[in-house]
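One structure below.
The values are calculated or read from the model by the stated rules, or taken from the named source; none is laboratory data. All of these numbers come straight from a predicted model, not from anything done at the bench. Here the Cβ is made from the backbone with ideal geometry for all residues, glycine too, and neighbour counts use every protein chain on show.
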Amino acid sequence: MPPRPPQAPPENTLDRIMGERRAKASALREAGSDPYRNDIAPTISLHAVRERYAATKPAPVEPVERVPGERPATPDVITPIDGEPLRVAGRVMVKRGSGKMVFAPLRDASGDLQLYINIEHLDAGDFATILPRLDAGDQVAAEGPAFWTKRGELSILVKRLWIVTKSLRPLPDKWGGLEDLETRYRQRYVDLVVNTEVREVFRKRSAIVSGIRRFLDARRFLEVETPMLHSIIGGAAAKPFATHHNALDIPMYLRIAPELYLKRLVVGGFERVYEVNRNFRNEGLSRRHNPEFTMLEMYQAYATYTDLMNLTEELVGELAREVCGTTALTWDGTPVEVAAPWRRITVQDAVRELGGIANADEVFSDPAVAAEVAIASGVPAADIARVLREGIRGDDMGDQAELTAGFKDAARRPALAKALIERYPDDLARRVRAGHLGYLIFEATAEAKLVQPTFLTQFPLAVSPLARKNDKDPAVCDRFELFVCGKELANGFSELNDPDDQRARFAAQVHAKAAGAAETMDYDEDYCRALEVGMPPTAGEGIGIDRLVMLLTNQASIRDVLLFPLMRPE
RNA sequence: GGGGGCGUAGCUCAAUGGUAGAGCAUCGGACUCUUAAUCCGCUGGUUCCCGGUUCGAGUCCGGGCGCCCUCACCA
């Protein structure tokens, strides 16, 4: 080895490897072979080659024992299957072999297939100029007939070889692979090259989304696109990403939900619409939350929330059969059966049966009882105080901080609650407040216990500002949420289409905000105007696509079903 | 934002407070059926960053950065 010049900077392994590969690229260029060429395309995919010759597989020949370094007497005679030249292309995954013979497994979008490169068969020019500059990671094209090796591996007997893209960075270790989560997420392109099971997850994701489209298109739903830039926050309760439009000089928000626009379309006469697209919520990250996530929202006129529960069972069952081949799934170690029918249980029954709250009936009718049970269930005193304050009409709701402090004191709490409740206008207001607290109790005690697919129904009015009131009990709405393994996957309801009721609900949202609720909907005047034009009776639903993909691909983290999950910039 | 864990060669991982190592990859050599190829040889380090304790720090302490888990938030 020549001694390194004294002025040369210290070189780490990566710099040295990349330097060597750049030198190979230059050498290729000098030899008249562009290392970034775009004049060679494959005529057949690697998987198609396998399919084509699968039936011709011979019995494997017993390998001859060889002493390392000893030269065989004569080269092997190789018999191509049909002699037809094939041109394939892909990434070289490893380069394995000797001076006169190289095995190079290739990977393309369809699968893997190995090249057999041999001095007896490869073009002499390619052998001299291309092969020595070939590294694992390079994109190559190769031409030659297919044959079976003695060990029974289908291979291309390479007669012509091109490096079509020289790779400068080394691939991760062929045995250790790429494990580091941070690198896998930040450099997903490497993850996808190396980890075939990751490719499989995202292929399934694509199949799921197209399956959803097929399912809905077959039922005469119209796919639409509605604005992602909103000037009013609505359709859900969440913190938005705020931005600004320069030409109009107005604040704008990335949408947190498409709901209110989709229902305007139902008013307009599109009786069945859906949209599959991104929502943005400026909130924390977790295994189930990414700030941008994909939601399917669909609306069907003349349907009820019960119809949509049935439709959801059918849709998920069909997707599971299509994508997983079964409805008996496993998610994060838990067996999950998604074949219909799924359990349907009201919030109140869930609190009683799953939350173990024996007096659930009382909880959902008496806010004072609900407050005590909520405290015992671990609901923060501040939330309880805020919810009870919201029941008071008018501006004088008392001081939130003072009330919270009072609610933390078991001796003072009953009197404080009583004082608030006495100022409620009527019994319905009491039951609405009790229901709201009951829902907080559900979250604290029962939510995690909804493991098998379960529709939770009859949501409290106060947490459902866009849902239709139940005909028999105006304190609850005809709404459901779908839970699997304690995670919310879908949310649907019969739509509120009474414009005056909707105005009252928006007003309640504004009131709740004044009471200290962090996330509420803005009053959407135009949406009320649309309802005044008249929306036919309709049911609508949103399904979290990322979480659905998690279920159908058995992934525990949302990051593993997002190609590029949000990361702090490097 | 709180709590816990992790961060060492391109990759996967070691290293009682005492000379920073292995396997793979790379590079050089041998080898015409490999598939974790094999054999011989050589390289390769800001131990995430800054500071401190110590005769001596990858290791202990403080601060920071990043990632993972968890709690909170996400009606």
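Structure notes:
- Among the candidates A:GLN452, A:GLN458, residue that is within 21 Å of A:LEU354 (Cβ to Cβ), part of a loop (DSSP other than H, G, I, E, B) and in contact with a strand residue (DSSP E or B) (Cβ under 8 Å, 6 or more places away or on another chain): A:GLN452
- Of all residues making up region A:138-160, the number that are among the charged types (D, E, K, R), away from RNA strand B (no atom under 12 Å from the Cβ) and under 42 Å from the mean Cα position of the chain (by Cα): 1
- Residue match in region A:222-245 (condition: basic (Lys, Arg), in contact (Cβ under 8 Å) with a residue 24 or more places away in the chain and in a loop (DSSP other than H, G, I, E, B)): yes
- Some residue of region A:114-132 being among the acidic types (Asp, Glu), farther than 24 Å from A:ALA59 by Cα and out of contact with any strand residue (DSSP E or B) (no Cβ under 7 Å at 6 or more places or on another chain): yes
- For region A:132-143, a residue qualifies if it is more than 16 Å from A:ALA41 (Cβ to Cβ) and of a type outside the set (D, E, K, R), and the qualifying residues are A:PRO132, A:LEU134, A:ALA136, A:GLY137.
- Just so you know, in region A:97-137 the residues that are within 7 Å of RNA strand B (Cβ to nearest atom) and loosely packed, with under 14 Cβ neighbours inside 10 Å include one that is nearest to the chain's Cα centre (by Cα), and it is A:SER98.
- A residue that is among the β-branched types (Val, Ile, Thr), part of a helix (DSSP H, G or I) and under 25 Å from A:VAL201 (Cβ atoms) occurs nowhere in region A:374-397.
- Among the helices (runs of 4 or more DSSP H) confined to region A:491-570, there are none with at least 2 residues that are under 17 Å from A:ILE232 (Cβ atoms), touching a strand residue (DSSP E or B) at 6+ places or on another chain (Cβ under 8 Å) and aliphatic (A, V, I, L, M).
- Within region A:513-531, the set of residues being under 15 Å from A:LEU466 (Cα atoms) and within 11 Å of RNA strand B (Cβ to nearest atom) comprises A:GLU519, A:THR520, A:MET521.
- Among residues of region A:177-190 that are among the aromatic types (Phe, Trp, Tyr), those with a Cβ under 7 angstrom from a residue that is in a loop (DSSP other than H, G, I, E, B), sequence gap 6+ or separate chain, pair up as A:TYR185/A:PRO565; A:TYR185/A:MET567.
- Residue within region A:47-58 that is modelled with pLDDT under 95, assigned to a loop (DSSP other than H, G, I, E, B) and within 16 Å of RNA strand B (Cβ to nearest atom) present: yes
- Residue selection: A:ALA539 fails the criterion of being crowded, with 20+ Cβ neighbours inside 10 Å, over 29 Å from A:PHE364 (Cα atoms), modelled with pLDDT of 95 or more and small (Gly, Ala, Ser).
- Hits in region A:185-209 (condition: under 17 Å from A:ASP546 (Cβ atoms), of a type in the set (Lys, Arg) and within 15 Å of RNA strand B (Cβ to nearest atom)): A:ARG188
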